[in-house]
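The values are calculated or read from the model by the stated rules, or taken from the named source; none is laboratory data. Owing to the predicted nature of the structure, the values given are computational and were not obtained by experimental measurement. Cβ: placed from backbone, ideal geometry, glycine included. Neighbour counts: every protein chain shown. Protein only, heavy atoms only, side chains kept; ligands, DNA and RNA dropped before computing areas. Shrake-Rupley method; radii C 1.70, N 1.55, O 1.52, S 1.80 Å.
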Amino acid sequence: MKQFISFVIKEALHILRDRRTMLILFGMPVVLMLLFGFAITTDVKNVRAVVVISHMDHQTREAVDRLAASSYFDIVATVPTPKDAERLIRNQKADISLIARAESHGGVGWQMMVDGSDPNMAQQWSAYAQAIISSSPSSMGVEGAHVRLLYNPQMRSAYNFVPAIMGMLLMLVCAMMTSISIVREKERGTMEVLLVSPVRPLMIIIAKVVPYLVLAFVILASILLMARYVLQVPLAGSVVWIVVVSGIYILLALSLGLLISNVADSQLTALLLSAMVLLMPIVMLSGMLFPIESMPTVLQWVSAIVPPRYYIQAMRKLMIMGVGIDGVLREVIVLSGMTVVLLAVSLAKFKTRLE
């Protein structure tokens, strides 16, 4: 046992002395959290709106005042005709125009003209404007409509990105760094030196993994603290279950790192495999940036084997929706099954190679 602990301490000191590794491990989470929390955002803010005043009464004025008072829209101009509004949008001086029209029943109806060069943002702008206008009974796009947003009433994109960042960072740190660490020993020829020690080969591999396991939980704690106190993202669910599910996911990522180290013979190969096998599927197919439901059927099936998909779904339910563990049982079962399979294959291949 003392020899095993010595190997763990040796690997931990090796990580701590490597400034580049420490910068990646602790600098990357902070940078990504700040980027996705503040810079890379899909929040609707300061949308340039133009109002057509061909029909302007008390009801219309009240709706326009509501738009101007919100933090989402800036009224940049008022014009007499829809053609003038379209001209401003074409000249990139406005993003959306609102045209009021009198209805036969005495109410006010609204027509919107939106810059559709970015379809996703155009849809969000329209939805925000509709929600603000319809929130007043006296100025309605849809009479009597009332929009209530659950879990994220301010519609902040950080609520969506934080669980996704957790899934990406924990996978990259555990899988990529672990595989590179073991491959580095092979590349330098020091793995054979370790194998002649009294410690069993399997214990050597575990000893190299333990420091990254501890670092993963430290990164998890730092992400949760930044999410709560910097980005103001609530932790609505149980922190215990968040840590438990994250622990399963971390073990899965470590197992995948061991599997990559079996295939790779150099650090460059390990990096390329990590980029192709981990980074691209995480970003494109996990639901991190794009809804899985909107993907073609073939890609939806492919995303079913991407582990971060289930972890991100579980974290969104636990952190944002505040559900209990029974609400994420499906995700936990899938992650546990993947962990068992990957760990069994990785250890079996390592044992075969080392003998």
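For the reader, a short list of remarks on this structure follows.
- Condition check for Val243: surrounded by 19 or more Cβ atoms within 10 Å (Cβ to Cβ), under 18 Å from the mean Cα position of the chain (by Cα) and not basic (Lys, Arg): no
- Checking each residue in the range 17-30 for being assigned to a helix (DSSP H, G or I), at pLDDT below 75 and surrounded by fewer than 14 Cβ atoms within 10 Å (Cβ to Cβ) picks out only Arg20.
- Among the residues of the range 198-213, the ones that are of a type in the set (A, V, I, L, M) and loosely packed, with under 14 Cβ neighbours inside 10 Å come to 1 in all.
- Residue in the range 223-233 that is among the hydroxyl-bearing types (Ser, Thr, Tyr), open to solvent by 10 Å² or more (accessible area, probe 1.4 Å), closer than 15 Å to Met166 by Cβ and assigned to a helix (DSSP H, G or I) present: no
- Only a single item in (1) without any contact (Cβ under 8 Å) to a residue 60 or more places away in the chain; (2) assigned to a helix (DSSP H, G or I); (3) open to solvent by 50 Å² or more (accessible area, probe 1.4 Å) is not met by Lys349, and it is number (1).
- Contact map, the range 299-324: first residue more than 18 Å from Ala253 (Cα to Cα), second residue outside any helix (DSSP H, G or I) and among the polar types (S, T, N, Q), Cβ cut-off under 8 Å, separation 6 or more or different chains; pairs are Leu318/Ser238; Ile320/Asn152; Gly324/Ser238.
- Flag: Glu185 matches the condition of being within 34 Å of the chain's Cα centre (by Cα), of a type in the set (Asp, Glu) and at pLDDT below 75.
- Strands (runs of 3 or more DSSP E) fully within the range 59-168 counting 2 or more residues that are open to solvent by 40 Å² or more (accessible area, probe 1.4 Å) and at pLDDT below 80: 96-102
- Subset of the range 245-274 [among the hydrophobic types (A, V, I, L, M, F, W, C) and without any contact (Cβ under 8 Å) to a residue 60 or more places away in the chain]: Val263, Leu268, Leu272
- Flag if Arg330 is modelled with pLDDT of 85 or more, charged (D, E, K, R) and open to solvent by 60 Å² or more (accessible area, probe 1.4 Å): yes
- Within the range 251-294, tally of residues that are among the aliphatic types (A, V, I, L, M), surrounded by 14 or more Cβ atoms within 10 Å (Cβ to Cβ) and either closer than 19 Å to Cys174 by Cα or out of contact with any helix residue (DSSP H, G or I) (no Cβ under 7 Å at 6 or more places or on another chain) (or both): 19
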